[in-house]
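Undergrad: A single structure is presented below for examination.
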Amino acid sequence: MQKADLLLAGAIDMHAHGYPQFTLNMPGRQNNFEWARAAKEADMAGFVMKSHIWPTVGEAFLLDQMVEEMRIFGSITLNYPVGGLNPFAVQTAAESGAKVVFMPTWCSKNDIGKGAHYVTRMRPYVTAVDDAMKGVEGLTVLGDDGCIIPEVHSIIDLCKQYEMVLASGHISIEESLSLCKAATAKGVKFVLTHPLSSPLIAATLDQIKAVAEMGGFIENVFIGCMPMHEGLKPKRIVEVIEYVGAEHCTMSSDAIEGWNPPPPEVLRMFIASMLALGVSDDDVYQMTHTNPGHLLGV
Ligand SMILES: [Zn+2]
């Protein structure tokens, strides 16, 4: 067994996409049950199920009971299907066991303003998407005055009340800096989602470090390095880890489409790549075990 396999054992993937994702017609690599079984085979400790459309609490609740010795956590992503930045949806998800609240992704003003790539990805599967998004500016956590809007303060308070992690989704790095400040000030655990994703987030090293200095965590995802995604050089992720410190980082798969390997294998590839590029075993352990465990309270 190689070192990467040993480090995959006990790991928690904070950003796990299963199937169906957009719809049944969108090819995925593994459905959530297959995902869970593959994770168990790899001896992982668990994962957070993420969907860009629906809360994953119902599936996570069932899978968590069906697959022994595996912790499977639900989440909610605040896009239009759940009413956007909607505290009611957040509390309902929380009461159903959600552990992570993702800010808007394809419905964020930032994503729409930067080419609406997710709408493009959805178009082959959902014919109504163009009508639904016609003239829509998208969701932002900031008001015209540059301050966090009241609904988002309510969502932060709910994250505090239910001990849920608040993740940035696809909002801009400028929004994330404000959101991280507001969330961490109230003792809420904040995660900056894939800051190197370009042009979507494209955060600078100093912006990423500013989030870490406020107590936020930096989520690095390996899908960005896939040839069909952004073809990001894994070395760029190493630069982030070295710049901010592994104690502030996590490593996740975020692999959606069927052209990816099974997500537990994506995480193994990620671990093996970091080790090959000189990241220490201890640092990989911190980012795949300790930090996700701390964020999820396990
Ligand atoms: Zn994702």
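Yes/no per residue for (1) buried (at least 23 other Cβ atoms within 10 Å of the Cβ); (2) more than 16 Å from the chain's Cα centre (by Cα):
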site: 130; (1), (2): no, yes
site: 142; (1), (2): no, yes
site: 150; (1), (2): no, yes
site: 164; (1), (2): yes, no
site: 173; (1), (2): no, no
site: 191; (1), (2): yes, no
site: 228; (1), (2): no, yes
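Undergrad: With the range 246-298 as the region, which helices (runs of 4 or more DSSP H) entirely inside it contain at least 2 residues that are buried (at least 18 other Cβ atoms within 10 Å of the Cβ), over 17 Å from the mean Cα position of the chain (by Cα) and not small (Gly, Ala, Ser)?
TA: Counting at least 2 such residues, we get 263-276, 281-285.
Undergrad: Kindly establish whether residue 197 is in contact with an Asp or Glu (Cβ under 8 Å, 6 or more places away or on another chain) and on the phi < 0 side of the Ramachandran plot.
TA: yes
Undergrad: Okay, next question. Please determine, by comparing only the residues of the range 117-132 that are in a loop (DSSP other than H, G, I, E, B) and of a type outside the set (A, V, I, L, M, F, W, C), which one is farthest from the ligand (Cβ to nearest atom).
TA: Here the answer is 127.
Undergrad: Can you tell me which of 82, 90 is in contact with a helix residue (DSSP H, G or I) (Cβ under 7 Å, 6 or more places away or on another chain) and surrounded by fewer than 24 Cβ atoms within 10 Å (Cβ to Cβ)?
TA: Of 82, 90, the one residue that is in contact with a helix residue (DSSP H, G or I) (Cβ under 7 Å, 6 or more places away or on another chain) and surrounded by fewer than 24 Cβ atoms within 10 Å (Cβ to Cβ) is 82.
Undergrad: Moving on. Would you please name the residue that is surrounded by the most Cβ atoms within 10 Å (Cβ to Cβ), looking only at residues in the range 8-65 that are farther than 29 Å from residue 85 by Cα and either within 13 Å of the ligand (Cβ to nearest atom) or among the polar types (S, T, N, Q) (or both)?
TA: The residue in question is 30.
Undergrad: From the list 196, 232, 200, exactly one residue is surrounded by 19 or more Cβ atoms within 10 Å (Cβ to Cβ), touching a residue at least 40 places away in the same chain (Cβ under 8 Å) and in contact with a Gly (Cβ under 7 Å, 6 or more places away or on another chain). Which is it?
TA: Sole residue among the options that is surrounded by 19 or more Cβ atoms within 10 Å (Cβ to Cβ), touching a residue at least 40 places away in the same chain (Cβ under 8 Å) and in contact with a Gly (Cβ under 7 Å, 6 or more places away or on another chain): 196.
Undergrad: Still on this structure: With touching a helix residue (DSSP H, G or I) at 6+ places or on another chain (Cβ under 7 Å), closer than 30 Å to residue 157 by Cα and at pLDDT 95 or above as the only criterion, which of 251, 274 stands out?
TA: 251
The values are calculated or read from the model by the stated rules, or taken from the named source; none is laboratory data. Just so it is clear, the structure is predicted and the values come from calculations on it, not from any experiment. We place every Cβ from the backbone using ideal geometry, glycine too, and count neighbours over all the protein chains shown.
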